[in-house]
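A short write-up of the structure that comes next.
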């Protein structure tokens, strides 16, 4: 690991790690955010594809794991299924961390967006991705996990509870600053009349006792009243899960999410400058910083 030892520890790098189940819109988000940051905010930015099965990218990645290993090759050479091959690829990337680091150092002056695989096991109990980003954190890469969840899960109480548990488990396993996102929020708003509660209930994860009542009345879930109560209690006791709605074609929505991510990974503090008490307080109460106001004016 000689390359790791040679990295200058006084430099800071910033970015986001885009994760979420298949179909949640990760690759579409990465392509849209890359264009938005570059064209609207004049931010130097690059996308890194770490999904070894991602063949439908709507962007040109600066770094592509498929130049190192692909799911198809692993399936063919080792007779593995898609899930096993994907886990192998992540373990292979972990073992070849110098390959990734060498290429990252070539784009060290840019904000980095990591497009990640969608297999949830990689973020709930598998160790490779966690260890890769732990290594990057030690090298002053300030990263935020952006966890995209398809907003259609809000339409069913049991699906929404599963979403909350997945988000909580991922937050604890990955160990990065975390922003949970309800993607395709424009579709959610268009069908808000079909929701059991208002949109704020799902984004702020308000009193889940109301959701528990619906679970207890469900034809299947009512059989597990004690389990339902225990699950809801677990989520409420941690009080860590909330969501930001995202309409990917709305610049206002992209900007609001950008501001939340920049607060989480420290980018808004000028690339690692000391955080003032006033700035921390303004973030805590949801006030906009000067950089956010300038961004809004720019749009």
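Is it the case that residue 101 is closer than 25 Å to residue 149 by Cα, at pLDDT 95 or above and touching a helix residue (DSSP H, G or I) at 6+ places or on another chain (Cβ under 6 Å)? It is false that residue 101 is closer than 25 Å to residue 149 by Cα, at pLDDT 95 or above and touching a helix residue (DSSP H, G or I) at 6+ places or on another chain (Cβ under 6 Å). Selection within the range 202-221: residues that are assigned to a helix (DSSP H, G or I) and without any contact (Cβ under 8 Å) to a residue 12 or more places away in the chain. The member of this set that is nearest to the chain's Cα centre (by Cα) is 213. I need the full set of residues from the range 222-244 which are closer than 24 Å to residue 188 by Cα and in contact (Cβ under 8 Å) with a residue 60 or more places away in the chain, in order please. 232, 235, 240, 241, 242, 243, 244, listed by residue number. Any idea how many residues of the range 249-263 are buried (at least 19 other Cβ atoms within 10 Å of the Cβ) and in contact with a helix residue (DSSP H, G or I) (Cβ under 8 Å, 6 or more places away or on another chain)? So the count comes out to 6.
Each row is one residue, and each column tells you yes or no for (1) surrounded by 13 or more Cβ atoms within 10 Å (Cβ to Cβ); (2) touching a helix residue (DSSP H, G or I) at 6+ places or on another chain (Cβ under 6 Å); (3) modelled with pLDDT under 70.
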{"position": "197", "(1), (2), (3)": "yes, no, no"}
{"position": "203", "(1), (2), (3)": "yes, no, no"}
{"position": "212", "(1), (2), (3)": "yes, yes, no"}
{"position": "220", "(1), (2), (3)": "no, no, no"}
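Looking at the structure I just gave you, is residue 49 touching a strand residue (DSSP E or B) at 6+ places or on another chain (Cβ under 7 Å), closer than 15 Å to residue 17 by Cβ and modelled with pLDDT under 95? No: the conditions fail for residue 49.
The values are calculated or read from the model by the stated rules, or taken from the named source; none is laboratory data. Owing to the predicted nature of the structure, the values given are computational and were not obtained by experimental measurement. Please note: Cβ atoms are built from the backbone with ideal geometry, for glycine as well, and neighbour counts cover all protein chains shown.
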